[in-house]
1. Testing ILE172 on (1) assigned to a strand (DSSP E or B); (2) surrounded by 24 or more Cβ atoms within 10 Å (Cβ to Cβ), one condition comes back false. Which one is that?
2. If ARG156 satisfies all but one of (1) of a type in the set (D, E, K, R); (2) out of contact with any strand residue (DSSP E or B) (no Cβ under 6 Å at 6 or more places or on another chain); (3) within 30 Å of ASP305 (Cβ to Cβ), what's the number of the condition it fails?
3. Can you confirm whether PHE373 is at pLDDT 85 or above and within 12 Å of the chain's Cα centre (by Cα)?
4. Residue by residue through the stretch 175-226, note down the ones that are among the aromatic types (Phe, Trp, Tyr) and touching a helix residue (DSSP H, G or I) at 6+ places or on another chain (Cβ under 7 Å).
5. Any residue at all in the stretch 157-168 that's acidic (Asp, Glu), at pLDDT 95 or above and more than 26 Å from the chain's Cα centre (by Cα)?
6. Could you grab the pairs with beta carbons closer than 7 Å, sequence gap of 6+ or different chains, first residue in the stretch 455-471 and over 23 Å from LEU335 (Cβ atoms), second one of a type outside the set (Gly, Ala, Ser) and at pLDDT 80 or above?
7. Within the set of pairs 6 or more residues apart or between chains, which connect a residue that is modelled with pLDDT of 95 or more inside the stretch 293-314 to a residue that is among the basic types (Lys, Arg) and open to solvent by 20 Å² or more (accessible area, probe 1.4 Å) with Cβ atoms less than 8 Å apart?
8. Restricting to the stretch 246-261, count the residues that are closer than 16 Å to VAL278 by Cα and either in a strand (DSSP E or B) or in contact with a Leu (Cβ under 9 Å, 6 or more places away or on another chain) (or both).
Amino acid sequence: MPNELRQTARAGMGPRNPGRTIGPLAVSTVAVPFGGIIAFLLALAFATADTGRAADTLEDRSSLGAVGYVRIEGVIDRLQARYLARALRDARDGGFETIVVHLDTDGGQVPYAREMFKAILDFRIDRTGGESDAAAKPATATGDPEGRSESTHAPRMIAFVDFRALSAGAMIAYAHHEIHVTEGASIGDIGVIYRGSDGTIEYAPEKIETVVRTLLAQAAERRGWPRGPLLKMTARNQNLYRVTRPGVDAVYVIEDDFAAWLADHPEVDREDSSQVIVYRGHDRLLTLTGREAVSIGMATALTEDLASLYAHLGIDPDAVVDLRPGAAERTATWLAGIAPFLMGLALILLYFEISSPGVGIWALLAAVSGGLFLFSHYYLDLVEHSEVALMVLGLALVAVEMLLLPAGGIIAIAGGLCLLAGVVLAFLPNELDLAPGDPNFQEALIDAALSGGLSLAVVVAGLLFFVKVVPHAARLRQRLAVEAEISGTSDTGGESLVGRTGLAEGMLRPAGTVVIGRTHHSARAEHGAWIAAGDPVEVVGAELGELVVRGLPRNGGGKRRAD
């Protein structure tokens, strides 16, 4: 990958109800104005987003206990970083003194892992009860290595690993004050890699690795973790030495620090294997089992499970507040995974509504699909009013071209570009600055463009399916098509209108209205053709609640021919 946004932590990366069929029925519905479609879609999106946020808000902060529980599992990505930030805000508002972070992850993306690492390392609570940004108040005037002051303090951050905290997960774990592990746990292997588009994996260059080593050095300084083993989890090309001296516990020194350490300890003979051995050599990253981690000081203690951890820490389980995602947050996260398909489906359904006036079912379904898309992206801070404005403008321009002011496609193309820009920006994280030269922004923009392109691909595939497949599939046609049995208002006494001729009441672009006898019918020209107002037409079929017509030549001298 060309830059850091695509870096992934080692080993961690490799993350429907069928529509009801309606048989051949004569459907009569009220047309839904295009502006109403957009208004309904936006109202649904804003209402659901606000409702979701309210549902997940902790109602009574004063009644909360002193311990919060956070669970981080799966790939470390933007959604995990957003969830942790939300959980820490809740913990700060609740005044928690202890936060237990349950880790189960193979790793993930470096930028988000770094963001989560710093959020935990710098987490503070304002003693005065006012709102404060923990990371913005280092307050080092007191000389406290934790950066505490009289007005802020750092709650006790406890990491619990019962299975794995590898790579980015290990980096996040060592931002905590304590790490409790089970015997079956594994922790370490913070190797920074690039994953190419062809699936190949390469280690990041020194320029990137040194950034991660610096973060780990900060954890060693501020949390007291042994520096040598911690750096060896990412320093692939350095030896880790174990030094054993009489009457002194073994110490572990990374190669970069070894010369200076020996100078400070002249009594140690480097050549004496009883004193100095290579604990981990070159081209190896340090990964530890739970028992190994405790034995060399890289974990605080062994514990069997979460209940045992609470007992060890003297925590009443009933006083623990679960800060895991609520229903709305889980729903928004799940919907975000299928967001390109939701947007594509909304656009297809809007096209059906525009090209089939009078059939309001498509507008309603488009509003639901688009509302779900906007709900998930508003909730996850991916979309703002500017993106919505671009999408609404794009849809409006397309509608103007198709329904009101034909301009040879120019207006529709402009609308399509606005719509595409809005869709792409809706997939772009809001926290990124609009900086084309920033590699992180470039990679995020590529991801957003791919998601927007996937939405358009869904639109194209859907249109091809309905245009090419449905008309030729007899069984689907029987279920989806209305065979134009017009009774009561038709002068044919209920006979099929196929084969009848009439006149285009207005211009068909390709949808509009035709007059057959004395009755007006919604119609669509076959093959997407445009038919001028007053031109004769012949009914060749009926699908999706409207007639399908074909333009006929005028009689000699320009006279119109119709039944």
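The values are calculated or read from the model by the stated rules, or taken from the named source; none is laboratory data. From a predicted model like this one, the values you see are computed outputs, not experimental measurements. Cβ placement follows ideal geometry from the backbone for every residue including glycine, while neighbour counts extend to all protein chains displayed. Protein only, heavy atoms only, side chains kept; ligands, DNA and RNA dropped before computing areas. Shrake-Rupley method; radii C 1.70, N 1.55, O 1.52, S 1.80 Å.
1. (1)
2. For ARG156, the exception is condition (2).
3. Spelling it out, PHE373 is indeed at pLDDT 85 or above and within 12 Å of the chain's Cα centre (by Cα).
4. TYR194, TRP225
5. Taking every residue of the stretch 157-168 in turn, at least one turns out to be acidic (Asp, Glu), at pLDDT 95 or above and more than 26 Å from the chain's Cα centre (by Cα).
6. Close Cβ pairs (under 7 Å, with a partner that is of a type outside the set (Gly, Ala, Ser) and at pLDDT 80 or above) amount to LEU463/ILE348.
7. Hits for this filter: LEU302/ARG291.
8. Of the residues in the stretch 246-261, 8 are closer than 16 Å to VAL278 by Cα and either in a strand (DSSP E or B) or in contact with a Leu (Cβ under 9 Å, 6 or more places away or on another chain) (or both).
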